[in-house]
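> Take a look at the following structure, please.
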Amino acid sequence: MADLTPRSPVIGVTGGIASGKSTVAQAFSRLGVPWVDADDVARDIMAPGEPTLAEIRQRYGPRLILEDGCLDRRALREIVFADADERHWLQSITHPRIRARLSEWLKAFDKREAPYALLISPLLFESGQDALVDRCLVIDVPESVQVERTARRDDVDEAQARAIVEAQMSREERLARADDILRNDGSPDDLNAEVRRLDQAYRNMPGLPRRS
């Protein structure tokens, strides 16, 4: 028998690195909207004791494991953004596990009777996580802003910051796949006003089948 339990629509929120996805999520949260961040889930599946961390250690040895047993995420990032084959290997072991845990979060949101929920993911399209959502909201900023913010936030040089940006889906393709676009190169007041506008639109959106 089909499951007829009402569910909350899910908005997938994505954007390039340093586009402001977390800031947008927090703005929606202040309006009472629950959300889950795929980056947080990715950290969970790489925690000590998780099979993902064991596979990473088997591939690279102990050099990526810190004294407390946790993953040296910065060292891993340097490897995978410098080598597409290594990046694809990492994605092959992480994406299925991340998606499974995200599905668990989304099922939990259905029970909270929220008007809708957000799935925040930098790799929403690349990982196939857009199949879990009803609409896709892209947070957009110029690539020059991404490079500047990434270099400052992650304490890396401009070349590495640009390599990280260029390793992701192109801005043009991301925008072409968006249902909604939020430009995040203005003031905080501009951002909050746009979030309020989208919030009203999403509250009036009926539950729809997930993307196929």
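The values are calculated or read from the model by the stated rules, or taken from the named source; none is laboratory data. Treat the numbers as computed from the prediction; the structure is a model and nothing was measured. Because the Cβ atoms are built from the backbone with ideal geometry, glycine has one as well, and the counts that use them run over all protein chains shown.
> Kindly indicate whether residue 191 is more than 17 Å from the chain's Cα centre (by Cα), buried (at least 17 other Cβ atoms within 10 Å of the Cβ) and hydrophobic (A, V, I, L, M, F, W, C). Break it down into steps so the answer makes sense when it comes.
Details: more than 17 Å from the chain's Cα centre (by Cα): yes; buried (at least 17 other Cβ atoms within 10 Å of the Cβ): yes; hydrophobic (A, V, I, L, M, F, W, C): yes.
For residue 191, the condition - more than 17 Å from the chain's Cα centre (by Cα), buried (at least 17 other Cβ atoms within 10 Å of the Cβ) and hydrophobic (A, V, I, L, M, F, W, C) - is met.
> Does at least one position in segment 102-109 carry a residue that is among the charged types (D, E, K, R) and either more than 28 Å from residue 50 (Cα to Cα) or in contact (Cβ under 8 Å) with a residue 40 or more places away in the chain (or both)? Please lay out each step first, then the result.
Initially, segment 102-109 is screened for residues among the charged types (D, E, K, R), giving 104, 107.
Now restrict to residues that are either more than 28 Å from residue 50 (Cα to Cα) or in contact (Cβ under 8 Å) with a residue 40 or more places away in the chain (or both): none.
No, the conditions are met nowhere in segment 102-109.
> May I pose another question? If a residue counts only when it is at pLDDT 95 or above and over 22 Å from residue 32 (Cα atoms), which helices (runs of 4 or more DSSP H) contained entirely in segment 102-212 have at least 2 such residues? Write out each step before concluding.
Values: elements: 143-154, 158-167, 171-176, 188-203.
The helices (runs of 4 or more DSSP H) meeting that bar are 171-176.
> Of the conditions (1) at pLDDT 95 or above; (2) of a type outside the set (A, V, I, L, M, F, W, C); (3) within 30 Å of residue 187 (Cβ to Cβ), residue 16 satisfies every one except a single condition; which number is it?
With respect to (1) at pLDDT 95 or above; (2) of a type outside the set (A, V, I, L, M, F, W, C); (3) within 30 Å of residue 187 (Cβ to Cβ), residue 16 is out only on (1).
> For the condition over 19 Å from the mean Cα position of the chain (by Cα), in contact (Cβ under 8 Å) with a residue 40 or more places away in the chain and surrounded by fewer than 18 Cβ atoms within 10 Å (Cβ to Cβ), what is the one hit in 177, 203? Outline the logic, then answer.
Numbers: 177 fails: over 19 Å from the mean Cα position of the chain (by Cα).
Answer to the check: 203.
> For residues that are in contact (Cβ under 8 Å) with a residue 40 or more places away in the chain and either loosely packed, with under 11 Cβ neighbours inside 10 Å or of a type in the set (S, T, N, Q) (or both), tally how many sit in segment 148-170.
Within segment 148-170, residues that are in contact (Cβ under 8 Å) with a residue 40 or more places away in the chain and either loosely packed, with under 11 Cβ neighbours inside 10 Å or of a type in the set (S, T, N, Q) (or both) number 3.
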